[in-house]
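Notes follow once the structure below has been shown.
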Amino acid sequence: MSAAILSVRDLTVKAHLDDETRILLDAVSLDLAKGEILGLVGESGSGKSLFCRSLVRLLPSSRLKIEAGSVLLEGQDLTAISDAEMLNIRGGEIGMIFQNPSSHLDPVMRIGDQIAEGIRYHQGLDGKSARRAATEILSQVGFPDPICQYQSYPHEFSGGMRQRAMIAVALSCNPKILIADEPTTALDVTIQAQILQLLMELRDRRGLSIILITHDLGIVAQTCDRIAIMRGGKLLEEGPKRQILSRPRDPYTIKLIHSHPSMPDAEPVAEVAVAAAPVKPILEIDDLHVRFRVGGSLFRGSAVKTVSAVSGISLQIMPGETVGIVGESGSGKSTLARAVLGLTPLTSGHISFEGADLALQRQASLKKLRREAAMVFQDPFNALNPRMTIGQTIGEVLLVQGKIAKADIPQRIDELLDLVGLDREFASRKPRSMSGGQCQRAGIARALAVDPKLIIADECVAALDVTIQAQIIDLFRELAARMNLTLLFIAHDLAIVRNLCARTIVMYRGEVVEDGPSEQVFSRPSHSYTASLVAAIPDINPDKSLFSDARRVPQSIPSIKSMP
Amino acid sequence: MSARAVSLSHAGWRTFLGKRTMLVAGASILLFFILMAVFAPLIAPYDPILQDGSARLQAPSLPHPFGTDNFGRDILSRIIWGARIDLQIAFIGVVFPFVIGTIVGTVAGFFGGIVDAVFMRIVDIILAFPFLVLMLSIITILGPGLSSFYIAMALVGWVSYARLIRAQILVLKNNDYAVAAVSLGFGRMRIMFRHLLPNAIAGSIVFSMSDAVLVLLSGAAVSYLGLGVQPPVAEWGVMVAEGQSFITTAWWITLFPGLSIVCLAFGFSILGDALGELLGVHE
């Protein structure tokens, strides 16, 4: 291994709160070699982001202090230098990119100018040559028309292009080290694969060293040279990728590897419960169209355009089925869910829930739906009223639905909490004092309080850590089996759907392109779009390369974002 | 505009003093004035409207710590009694606009469309006139007096609350928990007043404290112009007005009631700021 460009020794960060001092980083030591990609893995709260921020002394609060340790960047101790010198290090030596590119790009500044700004400041070039350099960087990070796109604003780009722009901004100062904090978490799988590939190309071309922070071991397996596992502010394990993945020592690492959904030995999907028995479908969708109006105004009524979110979907869902709906963001899967629950008006077509037609008898069907279908939302914190305790939230549903006597409500709340694996004392807690996983369990308990036949879960694990994701998936599997629920599970994470659902529906541009048993959809996809989605899943086995030509994402499929 | 100035001016104070210190300080100032108002008959050394020809325009001294006015009335006693009127003005002048504005804002934000458009155009119309001009014209039509002032306040003051609440509701109603409430079959009233309003109201509560300052000052201004509290009743604004002709010879007549207004306003203001911290409005 070449000499370390960055060497961190016993870095300790403490938080000085009003009444206590908490250790957030506990003597973390790491080395980063030139041209190396280091994967920093851990759940939220493990200190992985804090670690990277303390390298450039960008601590999120003045109450946090670096107490001990050293950060040696090519022999210079970054913990000892002055703030003025630090300005040159940030950006100039160490560049950073973040999870959410939209909030880290200036919305009122042209993309190109944001890149040129760093070049002028750090490299001292004049306006014209900075502009040329910025254009060059734009083309390096994969903008097809850099000269023209130099003039564009962040909102004109898709998430993936914005992330490319973020990388371009970070590269503008020609850093030696790039810290990428969950750079692909907010992106679709196919875009994620492209961004990861870009990072690896940049490493090869520029000899960049990269610290890649992620919670997805699949990404690490595909891109990194070495892996470091963090938990609770401590570095648990560190070593070459293959060694960690094949012979993990720490029990937490083992758990992390086993909860990764792409594991090939994942138990076979629950056998198709609904046999050929001639049952009536619980949900029937027939040629459904949902269009939204965009643009147009009071004075230019004729300029109103419509965007089709769902165009011509026909589906039948049988009682007791577990159906996964996958697709990129913008493919219309959430709109479909909302339309089914009567939260979005239908443009044309029919949805009938147990024979009640939402298009023809809207009021009656809505009444039926509200009493027999429930939804679980993506963001567990946002889905619960922050001012109400979990007991109040669940109790209110029971009260309004009126399916059980008022006196029995407290007992039913306890039962529901047991069912979703929450302690009964959570009835008196508010969402603020709970973790994401606990909130999501409470959200599921609220859905179950309706005593529904159909549950629609919209990306309900996307915001959770991997090990928590696995727990929630297990909970859904158990509930569906025990209560004979029909589950419509919407996700962009194909591995999860493959794990949980017996049947998979693939949506693309508002249409269903594939529908069939999960095993078949994933192993023998019949539509090229499905094939590209499946190929873009980062596998935890480093030998199944995401970037080999055989699995290369076909470029012929246009992204949803580029549609007219 | 002045509400903004108030909140800016003590943004510096907030960092200067701690969060809890601010809350205690604001509440103490307010409590001090409330106690003063409640126990006015017990603590005021003189009758506030009793004229004493032998003790006219006396400078502050031991028997008259704040001096006397041109009718020989004790300024300290008048300030103590005036606290009753001024607190009442601040309270009633805030409560009615607050309630009206909250309801209008919630309904407009929640239903949107034509309901929203109608209410918001009414708001625009009211905002098109300068605040004080509108106040004065309404009071002139209704006839001078405190009750006219309250009515004018209720008619004009609700617009800020309505706009504040409406903006919050517009954001909150797209939150997942609001959508969840719809999908669970909750009624509109329940969603509006149990799920959305409690989460939207914190900002208005904080604003109401700054608003109390404005109401207090406009109450004083209206009284100063002779349209509010009528003499000889002791009210700080009236006292400032009465003292102005003697400002060069008897500065105390104007200074002490003026200082009282400032102190009470300051109390409301820092209490509002501390409440904002407490309710998480600034986050």
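Just so you know, all these numbers are worked out from the coordinates, no wet-lab data involved. In this text the structure is predicted, and so the values were computed from the model without any measurement. When we count neighbours, we look across all protein chains shown, and the Cβ atoms used for this are built from the backbone with ideal geometry, even at glycine.
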Would you list A:Lys544, A:Lys128 from fewest to most Cβ contacts within 10 Å?
A:Lys128, A:Lys544
How large are Rg and Dmax for the stretch A:286-424 when only the alpha carbon atoms are used, in Å?
18.8, 57
Residues meeting the amide H criterion for B:Asn70 (H placed from the backbone, H to H distance under 5 Å, 5 or more places apart or on another chain) are B:Leu57
Suppose each label sits 7 Å from its Cα in the direction of the beta carbon; what would the B:Leu31-A:Gln243 distance come out to in nanometres?
6.5 nm
Helix A:189-206 versus the longest principal axis of chain A: what is the Cα-based angle in degrees, 0 to 90, to the nearest 10?
10 degrees
The Kirkwood hydrodynamic radius of the protein assembly as shown, taken as the inverse of the mean 1/r over all distinct Cα pairs, in Å, comes to 31.6 Å
Chain A: longest stretch without exposed GluC sites (Glu not before Pro) (DSSP loop, at most 11 other Cβ within 10 Å), sites themselves excluded?
A:272-564
Tell me what chain B gives for mean residue ellipticity at 222 nm when only DSSP H runs of n ≥ 4 count, each as -39,500 (n - 2.57), the sum divided by the residue total, rounded to 500 deg cm²/dmol.
-23500 deg cm²/dmol
Exceeding 26 Å between C-alpha atoms, which entries from my cross-link table qualify? They are A:Lys406/A:Lys453; A:Lys14/A:Lys255; A:Lys255/A:Lys453.
A:Lys14/A:Lys255; A:Lys255/A:Lys453
Once both axes come from the Cα atoms, what is the angle between helix B:146-172 and the longest principal axis of chain B, in degrees from 0 to 90, rounded to 10?
30 degrees
Could you work out the mean count of beta carbons from other protein chains within 10 Å of each residue's beta carbon in A:334-347?
1
Does the stretch A:101-174 classify as rounded, prolate or oblate by the C-alpha gyration tensor (a ≥ b ≥ c root eigenvalues; a/c under 1.5 gives rounded; else a/b over b/c gives prolate, otherwise oblate)?
prolate
Give the calculated FRET efficiency between A:Asp19 and A:Val108 to the nearest 0.05, with a Förster radius of 45 Å applied to their Cβ-Cβ distance.
0.60
Long-range amide H contacts for A:Gly47: which residues qualify at under 5 Å (H placed 1.01 Å from N, peptide plane, sequence gap of 5 or more or a different chain)?
A:Gly233
Can you compute the label reach from A:Asn88? Point 7 Å from Cα along the Cβ direction, backbone N cut-off under 15 Å, restricted to the stretch A:1-24.
none
Bridge type composition, the protein assembly as shown - antiparallel percent by DSSP, nearest 5
55 percent
Convex hull volume of the stretch B:101-231 per residue (C-alpha atoms, cubic angstrom)
107 Å³
Considering all alpha-carbon pairs of chain B, what whole percent are spaced by more than 35 angstrom?
27 percent
Chain A - percent relative contact order, Cα under 8 Å, separation 6 or more:
15 percent
Among the lysines, which fall within straight-line cross-link reach of A:Lys34, defined as a Cα-Cα distance under 25 Å, with same-chain neighbours fewer than 8 residues apart omitted?
A:Lys48, A:Lys176, A:Lys234, A:Lys241
Residues B:Ser77, A:Ser82, A:Ser259 arranged by fewest to most Cβ contacts within 10 Å:
A:Ser82, A:Ser259, B:Ser77
Sticking with the crude label model, points 7 Å out along Cα→Cβ, report the distance from A:His155 to B:Val133 in nm, one decimal please.
3.5 nm
Cα-based Debye curve of the stretch B:188-283 sampled at q = 0.11, 0.14, 0.16, 0.20 Å⁻¹ gives log₁₀ I(q)/I(0) of -0.48, -0.65, -0.74, -0.91
Stretch in chain B that is longest and holds no chymotrypsin sites (Phe, Trp or Tyr not before Pro) that DSSP places in a loop and that have at most 15 other beta carbons within 10 Å:
B:40-250
Once label points are set 7 Å from the Cα along Cα→Cβ at both A:Asn541 and A:Ser433, what is their separation, rounded to one decimal in nm?
4.8 nm
Please state the charge dipole magnitude for the protein assembly as shown, taken about the Cα centre, from unit charges on C-beta atoms (+1 on K and R, -1 on D and E), reported in debye and rounded to the nearest 20.
1000 debye
Gaussian network model of chain B, Cα within-10 Å springs - most flexible of B:Ala90, B:Ala202, B:Ala265:
B:Ala202
Taking 0.36 nm per residue of sequence separation and subtracting the Cα-Cα distance, how much length would be gained by fully extending the chain between B:Thr21 and B:Arg56, in nm to one decimal?
8.4 nm
Write down the Kirkwood hydrodynamic radius of the stretch A:304-382, to one decimal in angstroms, obtained as one divided by the mean of 1/r over all alpha carbon pairs.
14.0 Å
What angle, in degrees between 0 and 90 and rounded to the nearest 10, separates the Cα long axis of helix A:159-171 from the longest principal axis of the Cα atoms of chain A?
10 degrees
